[in-house]
Amino acid sequence: MLEVLPQLPADPILGLSAAFKEDTNPHKIDLGVGVYKDENGDTPILSSVAKAQTLLLEKETTKTYITPQGVQGYIDGMLELILGKGHPALLEDRVAAVQAPGGCGALRILSELLKRCNPDTTVWVSDPTWANHIPLIGNAGLNIETYPYFDKDTAGIKFAQMAECLAKVKKGDVVLLHGCCHNPTGADLTKEQWHAVLDIAKDRGFLPFIDIAYQGFGDGIEEDAYGVRLLTQNLPEVIIAASCSKNFGLYRERVGLAAMITANSTIKKSIQSQIQFVARGIYSMPPSYGGALVDIILNDEELKHEWQNEVNDMRVRMQSLRELLVNKLAEKGAQKDFSFVTSQKGMFSYLCITPEQVQAVRDKHSVYFVNSSRVNVAGISLKNVDQLATALVDVL
Ligand code: LMR
């Protein structure tokens, strides 16, 4: 029976890591998968996380199941981090939430929940969006449409076209928005644009679905929550998928959050039961470990402060790497003006070069990044920037 299924091509993002590993060039450069790296190319455990691990080891006395919703201190800490202290939806007990296995797990169970609300739901995603949004949402059986977002010619957001498209979506459709640090483009909505999206959402009655996986990597932990807070303060219903992979560096622990802002606490109770039912039918309950670490960090003033400093350090370093690359490209006489790279936010930059140029830079120079021209900025270093700029100038 199994022979009917063909072998699939490698994943467009994860497949890069395998190709990179196989490359024997000692000067190869990995700008593929979105993982933070230091100057040596390492992804060390954050110091706040290492301390939380020690504390957890001391206090954990059992490995019995946790509750179906996950570690409650984690959920509460994350909701406060994303929505802000004293958010009306929290005070009014309108937020259903569960810990999920990574941001992916959150995206998937929220998609399954939408399917239960209406099997014909259409989810609008930005063009382009993170490649894995498509299977995570589509494999749940939802329809996917795209709205215009990024203009490769200007390396900016096509906001007028985006707004025009959103103004035509049907009541009850779902619009997926990136809370900050848009993946793959690094082009984020301005505050004014978030307000415009809010007005259209009110007018059309669509449901915003916010994916926030890089909080703190754009302008700051609080600043990056502007859009999600604006929408959740002004609309009765918003759903949110969050991840601790990047800002807590907990990638392999798979720590995410699925949160649903509902119109009142009665609906919240139903939705809480529904999302737990969905999760029970897929993976039963989330793994505890990563959530337990984030719980410790967010609920300990000193550790939280240390973590905030570590996130700030990562953000500042990535911003400086953007400048380093742009200056180096100019110094090497690049035919293209790459200054837009410094205004993109977060971990990714969309270089706006062709897939053929991306392939050429990989084949000729062993520089690996996604075909769309998305580079992981954190993979740039003082050591490799010269070689990287030379390679890019060569294929332009
Ligand atoms: C990425 O976009 O590179 C990361 O979120 C890793 C992944 O799962 O694709």
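The values are calculated or read from the model by the stated rules, or taken from the named source; none is laboratory data. Predicted model, so just to flag it, every value in this text is computed and none were measured. Reconstructed Cβ throughout: ideal geometry from the backbone, glycine too, with neighbour counts over all protein chains shown. To get the accessible areas, we keep the full protein, side chains included, count just its heavy atoms, and leave off ligands, DNA and RNA. Shrake-Rupley method; radii C 1.70, N 1.55, O 1.52, S 1.80 Å.
Each residue of the range 252-258 was assigned a 3J(HN,Hα) from its phi angle through the Karplus curve 6.51 cos²θ - 1.76 cosθ + 1.60 (θ = phi - 60°); the sequence is 6, 7, 6, 10, x, 9, 10 Hz, with glycine and proline shown as x. For the chain, the solvent-accessible area with a 1.4 angstrom probe is 45 square angstrom per residue. Helix 265-280 and the longest principal axis of the C-alpha atoms of the chain enclose an angle of approximately 60°.
Where q = 0.11, 0.13, 0.17, 0.21 Å⁻¹, what log10 of I(q)/I(0) comes from the Debye formula for the range 271-375, counting one point per Cα? Debye output, listed in q order: -0.64, -0.77, -0.89, -1.06. Inter-label distance, Ala160 to Lys269: 5.1 nm, where each label sits 7 Å from its Cα along the C-beta direction. Pairs spanning more than 20 Å between alpha-carbon atoms, out of Lys269/Lys304; Lys37/Lys246; Lys168/Lys191; Lys332/Lys364: Lys269/Lys304; Lys168/Lys191.
The listed peptides 318-330, 262-274, ordered by packing as a protection proxy, come out as 318-330, 262-274 (highest mean of other Cβ atoms within 10 Å first).
To the nearest 10, the accessible area of Phe340 is 30 Å² with a 1.4 Å probe. For Thr24, the solvent-accessible surface with a 1.4 Å probe is about 130 Å², rounded to the nearest 10.
Taking 23 Å as the limit for the C-alpha separation, the pairs Lys59/Lys268; Lys59/Lys85; Lys85/Lys268; Lys115/Lys268; Lys152/Lys202 exceed it in the case of Lys59/Lys268; Lys59/Lys85; Lys152/Lys202. Computed over the alpha-carbon pairs of the range 176-295, the distance histogram in 10 Å steps reads 12, 38, 36, 14, 0 percent, short to long.
Arg108 sits with roughly 60 Å² accessible to a 1.4 Å probe, with DNA, RNA and ligands left out of the calculation. Computed over the chain, the P(r) curve from all C-alpha pair distances, binned at 10 Å from the origin, holds 5, 23, 32, 26, 13, 2, 0 percent per bin. Counting only alpha carbon atoms, the long axis of helix 301-331 and the longest principal axis of the chain meet at about 30°. Computed over protein heavy atoms with a 1.4 Å probe, the carbon and sulfur contribution to the accessible area of the range 252-378 reaches 48%.
For the chain, the longest principal axis of the Cα atoms and the long axis of helix 191-204 meet at an angle of about 50 degrees. For the range 1-128, the ratio of Cα radius of gyration to the globular rule of thumb 2.2 N^0.38 Å stands at 1.49.
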